[in-house]
Amino acid sequence: MLQYFEKEQESAPKLRALSAIAKVDRRSVLNGMFAATGMLVSVRVSPAEALEHLVPYPTGAADMPDKTVADPHVFVAIDPDGLVSIVAHRSEMGTGIRTSLPMVICDEMGANWERVRIVQAPGDEPRYGNQDTDGSRSTRHFIQPMRQCGAAMRQMLEAAAAAKWGVDASLCRAKNHQVILLGKDGSETSTALGFGDLAAGAMALPVPAQDTLLYKTPSEFTLIGKGATPITDLRAITMGKAGYGADVRLPGMKYAVMSRPVVLGGKVKKYDAVKALKVPGVEAVHELAGNETIPRKFGILGGIAVVGNSTYAAMRGRDALEIEWDDGPNVSYDSVAFDKEMTATASQPGKVIRNQGDPDSAFANAKEIFSADYHAQHMVQAPMEPLVAVARIVDGKAEVWAPAQSPYGARKDIAAALKMPIENVTLHVTLLGGGFGRKSAWDFIIEAALVSQKLGGTPVLMQWTREDDIRHGYYHTVSVERIEAAIDGSGKVTGWRHRTVAPSIISTFKEDDGYSFPIEYGMGFVNTPFEIPNVRCENGKAMAHTRIGWFRSVSTIPHTFAVQSAVGELAHKLGRDPKDFLLELIGSDRKLDPKALGFPNDFWNYGDPYDAFPIDTARLKNVINLAAAKAGWGKTLPERQGLGIAAHCAWSSYVATVVHVAIDADGKIRIPEATTAIDCGLYINPERIRAQLEGAAVMATSNTFYSGITFKRGAVEQSNFTDYNVARMSNYPQKVNVHIVDAPAGTHTGGVGEPGVAPFVGALCNAIFAASQKRVRSLPAGDTI
Amino acid sequence: MPTISINGENKNFSGDPDMPLLWFVRDGLNLTGTKFGCGAGVCGACTVHVDGVAVRSCQTTVGQALGKTVTTIEGLSTTGDHPVQRAWRQLNVPQCGFCQAGQIMQAAALIAKNPDPSDAQIVEVMDGNICRCGCYQRIHEAIRLAAGGV
């Protein structure tokens, strides 16, 4: 299904050209100006160009399960009183997507946002299209289907009005929640019908074909790209009335917690529940068998569930359990030993993933060779809402409520676990109290369903504690990245070697061979956009001994930390300005040619087709220059202060960050200010983009300073926010200035949630060096020099 | 029977006095605005007021609250128009929103005690409240805004 909007040049039908002026070939004008400046271009649009014909551009949505749906009958309902209901089918975990995608439909159909309510879809991809809310995909994949849906709804409303008035539909104009009759000269008359009056007639009409749709030109947008639309749940959140996973209340509902093996693959050898059952309020204890199938995917860990009349009773019952565990082979996992093993692997040639030119000769002929290893520990997402789900089974049908990032995948596996046909399982999506990738897994949801089944269908809320969340995660990988650069006699980098060693996420989904897979390679490893003639990217083997999963920004964190730190180190070594040197390495304005550069044949471009989403160095350089200019790059700073810069192209967006570091007399590293520039193409809600990038700065600060997960004897050593630390009010980037590039009309939409984190890590490490001459080579680094 | 005043209503309690107030409020009274975040008093998501003082309801037992006046987020303002809530909305503070009830209760207690807190005082008082989405910049601004009168 093609879902890409490009202005159609040849066959654009002349609709509504009631007061046409000479038609400007907007795209060629824009392209020319964009190439020259990379900045905002505005073109005056006459009333006749209020709407335009567009053809969809391809996105990665075509390769996702259940793809996209754009049917107004699925996404829109209009009450007789005019209240418009719009379905949000992606999960809300703080990005604002539950507001942003409905805004697109609302804008295109000409509805008034004040008269719209949002309805959250249950997990049902055949009906709504893909619902995997991760990978910064929601806006990238759905801005076009949502525009299509809104445009179709608008034309249906206009057609319904035309039928009532007995005029041609071209004389009917939907705007501000009503359809207005136009005069022969195209001007608005005082005759109008509200959406509520037209609803029945409009909904009875067939949905117009995609190639007959007209879309608003950007000048006509009322919401897209405008101002600061508050999230739909804002008031409820401030009043404590927003509904998260643990806020579901059902008649007769019980509360459960579970004791799980601390070593992955561990099993209950024997257990005694007598004491647990004596705890007041404890009503039942059940063993759940752990999934023993490898790969583990999102199967449950197994263990002993305690059910009570309150969460407190269940927790006390769990404390009273006596369990003997069989740890299994992963008890050997030790983070200190594993880091040594990975470092040794990174010092040896690995599997070649990308080769360009002749790196061996470049290194053999180098005047100087730079080499550095960059280490990063595991991390856990630790969203503020611990994992939780509610389930009940009535008459052989299961009803489940959960903060799920992937509600349809979860629903399928719940059905399999309960041995029910999928039609008998309903999964309601609550608000997510943060996700960051952990709630893309659904082990916790299956647990709730299975405990309810053990209880004969009684409603039960399965609550994970913070300790459970820290110790039973799907962890961000642990890694050693080695960067080597060959430098010739004139100080030019002639060769680049990047070796990555990290247990792979793919080990969660298929038999582990110790190597990463194209999705990880594509996250800032093989696609480093440097104009260096000889490049080799290699992957060393590292087996997984725990569950590896997604963490906001995923593999761009270790890759970009290493690459952007190495750029900073090289600049220092060569006596160059770090920003100028970064721009020089990126080189000329061009769209990278993956084949010529030796990218792998299965190169993964964040899932998007490369031709529609090429890596454009002009856009990357533009955000670097923008962030540097806004941050006052080059300004004189006091002693023990410094600026650091880093940038990348990721999730089809371009992000550059400048971090300002100031080091206190006692060595504490502070971040008084940071400046981030993003080019994410056509965007919906700039207010939420700023929020996402402010938040990315805080998460990156946590990742750089505080957050590390280590294993000893196979078990996670950390337990809570006491020893798994995150940034707090006393040390966070105090002022994050966000600059959003107004890319030319037609620039394809990129992601926002993920790409802000990794460049901030690199920029922070480079700023620490600028302020202290001390180089961070290992994360987390602590917040004191 | 022992009672606690919660949001202006007297509630009977006859269970284990060692139960954290958090679970009585959430599971006993179905006041779900107060959140469970860490269970160890280190994240602030469960913050409520006991006799006007911000406390972690996961570390305060029901026994300790008996005979006292407890306010949860639901009781801060029946219309949601406490100055802190208004400031939160004006600056679009929340992202996922999960920690925000705790943040708002902590901030409201701060402003009640100190109507014009310095930046350092804001940091000191708010340091116990974690926001994993990273809304700190706006939380700080919103407290200043609320202190200035919204």
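The values are calculated or read from the model by the stated rules, or taken from the named source; none is laboratory data. The model shown is predicted, which means the values in this text are computed figures rather than measured ones. Counting neighbours? That spans all protein chains shown, and the Cβs are built from the backbone with ideal geometry, glycine included.
If you check residue A:487 against the conditions, is it of a type in the set (A, V, I, L, M, F, W, C), buried (at least 24 other Cβ atoms within 10 Å of the Cβ) and touching a residue at least 40 places away in the same chain (Cβ under 8 Å)?
No: the conditions fail for residue A:487.
Between a first residue in region A:350-367 that is outside the structural domain of residue A:528 (by TED's automatic domain parsing) and a second residue that is surrounded by 17 or more Cβ atoms within 10 Å (Cβ to Cβ), which pairs have beta carbons less than 8 Å apart while being 6 or more apart in sequence or on different chains?
Within 8 Å, no pair qualifies.
Got a sec? Which of A:536, A:497 is outside any loop (DSSP other than H, G, I, E, B), touching an Asp or Glu at 6+ places or on another chain (Cβ under 9 Å) and surrounded by fewer than 24 Cβ atoms within 10 Å (Cβ to Cβ)?
On inspection, the qualifying residue turns out to be A:497.
For residue A:65, only one of the following conditions fails: (1) crowded, with 21+ Cβ neighbours inside 10 Å; (2) closer than 26 Å to residue A:401 by Cα; (3) in contact with a Gly (Cβ under 9 Å, 6 or more places away or on another chain); (4) not hydroxyl-bearing (Ser, Thr, Tyr). What is its number?
Of (1) crowded, with 21+ Cβ neighbours inside 10 Å; (2) closer than 26 Å to residue A:401 by Cα; (3) in contact with a Gly (Cβ under 9 Å, 6 or more places away or on another chain); (4) not hydroxyl-bearing (Ser, Thr, Tyr), only one is false for residue A:65: (1).
State all residues of region A:678-708 that are more than 10 Å from chain B (Cβ to nearest Cβ) and touching a Lys or Arg at 6+ places or on another chain (Cβ under 7 Å); if no residue qualifies, say none.
Answer for region A:678-708, where residues must be more than 10 Å from chain B (Cβ to nearest Cβ) and touching a Lys or Arg at 6+ places or on another chain (Cβ under 7 Å): just A:679.
If a residue must be not in a helix (DSSP H, G or I) and not polar (S, T, N, Q), how many such residues does region A:399-420 contain?
So the answer is 8.
If I filter region A:516-530 down to residues being within 24 Å of residue A:487 (Cβ to Cβ) and free of Cβ contacts under 8 Å to residues at least 60 places away in the same chain, which single residue comes out as farthest from the chain's Cα centre (by Cα)?
The selected residue is A:530.
Only strands (runs of 3 or more DSSP E) wholly contained in region A:181-283 count here; list those with 1 or more residues that are within 14 Å of chain B (Cβ to nearest Cβ) and buried (at least 22 other Cβ atoms within 10 Å of the Cβ).
In region A:181-283, A:254-259 are the strands (runs of 3 or more DSSP E) which contain 1 or more residues that are within 14 Å of chain B (Cβ to nearest Cβ) and buried (at least 22 other Cβ atoms within 10 Å of the Cβ).
Looking at region B:110-128 only, could you name the residues that are at the interface with another protein chain (Cβ under 7 Å from one of its Cβ atoms) and part of a loop (DSSP other than H, G, I, E, B)?
Hit for region B:110-128 is B:127, nothing else.
Consider only pairs whose beta carbons are under 8 Å apart and that are at least six residues apart or on different chains; among these, list those whose first residue lies in region A:620-644 and is within 15 Å of residue A:740 (Cβ to Cβ) and whose second residue is of a type in the set (S, T, N, Q) and surrounded by 23 or more Cβ atoms within 10 Å (Cβ to Cβ).
Pairs found: A:627/A:657; A:627/A:675; A:627/A:676; A:630/A:675.
Across region B:40-67, what is the total count of residues that are assigned to a helix (DSSP H, G or I) and of a type in the set (Asp, Glu)?
The number of residues fulfilling the criteria is 0.
May I ask you to list the residues in region A:445-462 that are surrounded by fewer than 24 Cβ atoms within 10 Å (Cβ to Cβ) and of a type outside the set (Ser, Thr, Tyr)?
A:450, A:453, A:454, A:455, A:456, A:457, A:459, listed by residue number.
Answer yes or no as to whether residue A:696 is in a helix (DSSP H, G or I), touching a residue at least 12 places away in the same chain (Cβ under 8 Å) and touching a helix residue (DSSP H, G or I) at 6+ places or on another chain (Cβ under 7 Å).
Taking the combined requirement at face value, the residue satisfies it.
Go through (1) away from chain B (no Cβ under 14 Å); (2) at pLDDT 95 or above and name the single condition residue A:42 misses.
(2)
Looking only at region B:68-76, decide whether some residue is part of a loop (DSSP other than H, G, I, E, B), in contact with a helix residue (DSSP H, G or I) (Cβ under 6 Å, 6 or more places away or on another chain) and more than 9 Å from every other protein chain (Cβ to nearest Cβ).
no
Counting just the residues of region A:142-160 that are in contact with a Lys or Arg (Cβ under 9 Å, 6 or more places away or on another chain) and among the small types (Gly, Ala, Ser), which one comes out surrounded by the fewest Cβ atoms within 10 Å (Cβ to Cβ)?
Of everything passing the filter in region A:142-160, A:151 is surrounded by the fewest Cβ atoms within 10 Å (Cβ to Cβ).
Quick check on my filter: what residues within region A:711-723 are more than 10 Å from chain B (Cβ to nearest Cβ), of a type outside the set (Gly, Ala, Ser) and surrounded by 16 or more Cβ atoms within 10 Å (Cβ to Cβ)?
Hits for region A:711-723 are A:711, A:716, A:718.
Would you please list the contacts, defined by Cβ atoms under 9 Å and residues six or more apart or on different chains, that run from a residue in region A:180-195 that is in the same structural domain as residue A:107 (by TED's automatic domain parsing) to a residue that is of a type in the set (Phe, Trp, Tyr) and part of a strand (DSSP E or B)?
Listed by first residue and then by second, the contacts come to nothing, as the list is empty.
Taking residue A:435 as the residue in question, decide whether it is out of contact with any Gly (no Cβ under 7 Å at 6 or more places or on another chain) and crowded, with 24+ Cβ neighbours inside 10 Å.
So residue A:435 fits the description; yes.
Name every residue in region B:77-109 that is within 8 Å of chain A (Cβ to nearest Cβ) and either basic (Lys, Arg) or part of a helix (DSSP H, G or I) (or both), in order of residue number.
B:85, B:88, B:89, B:100, B:101, B:104
Is it true that some residue in region A:472-489 is modelled with pLDDT of 95 or more, part of a loop (DSSP other than H, G, I, E, B) and more than 30 Å from residue A:721 (Cβ to Cβ)?
Within region A:472-489, one or more residues are modelled with pLDDT of 95 or more, part of a loop (DSSP other than H, G, I, E, B) and more than 30 Å from residue A:721 (Cβ to Cβ).
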